[in-house]
Amino acid sequence: PCNRSMAEPAVAPGPEPPGLGLAVQLMSQAHRAIALTGAGVSTPSGLPDFRSPGTGLWEHQDPMQVASLLAFRHHPQAFLERMRPFAERILTAQPNAAHRALARLEEAGRLQGVITQNVDGLHQKAGSSRVLEIHGHLRQATCVACYREFPTGPFLEPLVLPGSLPRCPVCGGLLKPNIILMGEQLPHDLIRRARQWVESCDLILVAGSSLEITPAAELPYQAVEHGARCIIVNHQATSMDARADVVIHDDVAAVLPRLAAEVAYER
Ligand code: ZN
């Protein structure tokens with residue numbers, strides 16, 4: 001007979017995800033491991049994957065209309081209105097166990113750095129110091145008229161207050177947060193560095209990315225082509241699953257801390 005009062009505690013550690021042992025082994029053997037992270041790493045921090053259908057902040061709107069550079073230039077007010085809830089959530093979001101696990105791996109000398117598609121800055125908040133933000137970030141904004149750059153700090157209020165627009169203090173032009181919108185070139189220097197990391201790594205840990213958006217989607221392929229091992233931790237299947245050494249379809253905030261705990265202090 002089942003005794004309900006003896007049930008599992010609410011926060012049970014759970015069974016070891018299949019593949020974790022091999023992931024620990026590969027990560028322990030690696031000398032130049034890097035990570036590639038996507039929106040799935042920040043969803044446990046309450047940030048929606050705004051590009052993902054069904055779960056996205058803008059799921060009922062065409063992302064090309066909402067998040068494109070043209071939309072910003074032609075309808076900045078409408079653009080910022082739509083971006084506001086996302087910006088507000090980013091500004092108050094805190095890193096989760098997945099971010100902290102990656103920071104811990106870097107601190108232990110087990111991870112060279114993180115390439116991220118996220119614009120929320122949570123890797124740095126968690127303590128990661130080598131982060132390539134290939135889709136940009138919200139810490140700075142650029143004037144669309146004179147191209148001067150400013151820290152976003154003083155402009156955060158106009159950015160999140162309905163009905164107001166952040167303006168360049170020099171020329172009065174609109175300030176666009178330094179996130180890369182659809183239709184916009186990714187920063188060449190960052191992409192070049194990301195490719196260098198990928199071509200010289202011996203392991204790439206893909207976490208919380210469904211690898212649907214290039215060039216991030218191409219990076220694990222390039223790593224594997226250059227001889228690296230590949231570990232994928234993501235809820236959904238990815239186009240890279242068949243080429244990876246380990247695929248764990250599970251929660252990054254549950255898996256990465258276990259990986260870090262076993263790898264970080266093993267040496
Ligand atoms: Zn300006």
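The values are calculated or read from the model by the stated rules, or taken from the named source; none is laboratory data. The shown structure was predicted, so the numbers you read here are calculated from the model rather than taken from an experiment. Virtual Cβ from ideal backbone geometry, glycine too; neighbours counted across all protein chains shown. Just the protein is used for accessible areas: all its heavy atoms, side chains included, with ligands, DNA and RNA removed. Shrake-Rupley method; radii C 1.70, N 1.55, O 1.52, S 1.80 Å.
Structural remarks
- Note on His188 and Asp245: their simple-model spin labels are 3.5 nm apart, each label 7 Å out from Cα toward Cβ.
- Counting Lys and Arg as +1 and Asp and Glu as -1 over every other residue whose Cβ lies under 11 Å from the Cβ of Cys168, the net charge comes to +2.
- Antiparallel bridges, percent of DSSP beta bridges restricted to the chain (to nearest 5): 30
- The stretch between Ala93 and Ala261 holds 58.1 nm of extra length on full extension. This uses 0.36 nm per residue minus the Cα-Cα distance.
- Under Karplus coefficients 6.51, -1.76 and 1.60, residue-wise ³J(HN,Hα) of segment 37-44 in Hz, glycine/proline x: 10, x, 4, x, 6, 9, 4, x
- Local electrostatic count at Ile248 - Lys and Arg +1, Asp and Glu -1, tallied over other residues with Cβ under 12 Å: -4
- At full extension, Ala254 and Tyr221 could sit 9.3 nm farther apart than now, given 0.36 nm per residue minus the alpha carbon distance.
- Between Ala30, Ala39, Ala103, the Gaussian network model of the chain with springs among Cα atoms under 10 angstrom shows the greatest mean-square fluctuation at Ala30.
- Split the accessible area of segment 98-183 by element, probe 1.4 Å, and carbon with sulfur accounts for 53%.
- Long-range HN-HN contacts of Ile179 with modeled amide H, under 5 Å: His137
- Cα centroid separation, segment 83-100 to segment 236-261: 22 Å.
- Solvent-accessible surface of the chain, averaged per residue with a 1.4 angstrom probe and all protein chains in place: 48 square angstrom.
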